[in-house]
Amino acid sequence: MAISIDTVYQRVLAIANKEQRGYITPQEFNLIANQAQFDIFEQYFYEMNFQEKGEEVQDSGSLGDMVDLLEDKIRIFHSLQNMAYDSTEQSWQPPVGSYRYGNIYLNARQPKIVDANEINDIRNSLFHNAALTRDPVMYKFGKGWKFYDSSGEITSTTPLIETVRRPEHVRWGYIVVNEQALYNGSSSVDFELHEADETDLVIKILELAGMVINKPQLAAFAGQEEGGNAAEENK
């Protein structure tokens, strides 16, 4: 489902060269392409939040179901990973390098989130402490989490956490032949975004090129294209 970085670069060059709007070097493209990919990736979460708080979602499976589409776009970056206990921090830490976090599970259950000052009250109540055997609790502690069941603080059973990673850095690899940069697939890294975002990716790169490498004609063109796409989506 990846988007070919060569396809995107050739589309960007074709638009940039049309009517002499300017040339984007491979080095410039690689720099801008990574920023464009991250901008669109970050937009997934903004749109997801907007859709979930907006109008009633259509039935699951509908081609018009934006939430399903957004979940499909994010799925490649999502995983369930082990947390690690840090004895220095005295808490369970999420995996290093994770961009966003979701639900946390302990023995296939989701612990209830409580305030740190509630733990002693829960532990001192025979009724509530007994319930921890079935339903453990957790609270935020520094950059990590602490977990408790009826026997006390949990430091050995490994919790699992839903994580979302950032997209891998892309690269249009090339070799130079007769002073021309020619595409080299073996040293290239494609975009990890959903294939439905290819056009948006091209527009975003053109927009950033206008701002980052001082090609205002590209920024103006990208703005027109972006406005046209938005109008089509709102029909």
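Read-outs throughout are calculated quantities, based only on the coordinates presented, and are distinct from any laboratory measurement. Fair warning: this is a prediction, and the values are worked out from it, not measured in the lab. When we count neighbours, we look across all protein chains shown, and the Cβ atoms used for this are built from the backbone with ideal geometry, even at glycine.
Annotations for the structure displayed:
- Here the gap between residue 160 and residue 143, fully extended at 0.36 nm per residue and compared with their Cα-Cα distance, gives a gain of 4.5 nm.
- Segment 124-210: antiparallel DSSP beta bridges as a percent of all, rounded to 5: 100 percent
- The modelled label-to-label distance for the pair residue 23/residue 80, using points 7 Å beyond Cα in the direction of Cβ, is 5.3 nm.
- Spin-label pair residue 38/residue 72, simplified geometry with 7 Å Cα→Cβ offset, distance in nm: 2.8 nm
- Two-site label geometry, residue 153 and residue 119: point separation in nm, points 7 Å out along Cα→Cβ: 0.5 nm
- Given charges at Cβ of Lys, Arg, Asp, Glu: segment 80-136 dipole, positive-most of 122, 105, 90: 105
- Subset of 73/112; 140/204; 146/204 violating a 31 Å alpha-carbon distance limit: 140/204; 146/204
- Of the trypsin sites (Lys or Arg not before Pro) found in segment 69-151, those that fall in a DSSP loop while having at most 14 other beta-carbon atoms within 10 Å are 134, 143.
- Segment 110-157 and segment 66-94: distance between their alpha carbon centers, rounded to Å: 21 Å
- Rounded to 0.05, the FRET efficiency of the residue 134 and residue 6 pair, given R0 = 45 Å and the Cβ-Cβ distance, is 0.25.
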